[in-house]
Every structure is written in structure tokens, then in C-alpha cells.
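This report concerns only the one structure given below.
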Amino acid sequence: MRKILPILYPADVMTPKASAVALALALSMLLPVSAVRATEQTCPYYAPQDWMPRESAEAKARELGYEKFFVQPDGGCWTIYTTKDGSRWRIMIDPKTGAIVRQGQT
């Protein structure tokens, strides 16, 4: 004959202090994962007042031959999102010098 074990819930076997410790441990395990998923710093850090204006980044996109694009800060760079030959592209430019740091299909 099989013996049926009762179902135990955490509240039945853990004291409030042990529950708080278990919760803190579980939350601390999640923090490193969220930090890894953050946008990586691609460009060197520059103070906001040292960045070229958005209009200059847009002019750089036009200079590269793009007509339809979207510019936003990302990873410490000005990032240009655009399409070329039916593919989506992302071009990251240094916010101070305007040099292309990274470009490729997304």
C-alpha cells in the first residue's frame, strides 16, 4: 500500500524570518541577470554637453545616403536606425567626433 504524503506549503514549514531570507536570496539571484541585459556601453563616456546635437547626427545619416531614418541615443552613442535594400540597419556613431563606431543589419 502506498503512503500519501501531505502537501506542504512554504508557510507551513518556514518561519517568517526564514521566508524573508529566502525571498531576499531569490531576488538577489535576479539582479545580476538584469544587469547583463542592460545596453552595453559602446562609445566612450562623454558628458551630455559634449555630445553633438541630434541634428548633426541626422546630417551624418544624410551624408551616408539615408533618407528615411530614426536617431536616438543608445549605448552612449547616437544610433541611426534605417533601411537599406529592404533590410533594417543600425549605425552607431561617436557622439563627440561623429565617427562610425559600429554598423550592421539588425
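Some notes on this structure:
- As a ratio to 2.2 N^0.38 Å, the alpha-carbon radius of gyration computed for the stretch 48-105 takes the value 1.03.
- Near residue 43, the amide H atoms lying under 5 Å from its own belong to 77; only residues 5 or more places off or on other chains count, and H is placed 1.01 Å from N.
- Straight-distance candidates among the lysines for linking to residue 17, with alpha-carbon spacing under 28 Å and chain neighbours fewer than 8 residues away dropped, are absent.
- Candidate lysines for bridging to residue 96, where Cα separation is under 29 Å - those fewer than 8 sequence places away on the same chain excluded: 60, 68, 84
Here, each number is a calculation from the coordinates, and none is a lab measurement. Just so we're clear, the structure is a prediction, and the values are computed from it rather than from any experiment.
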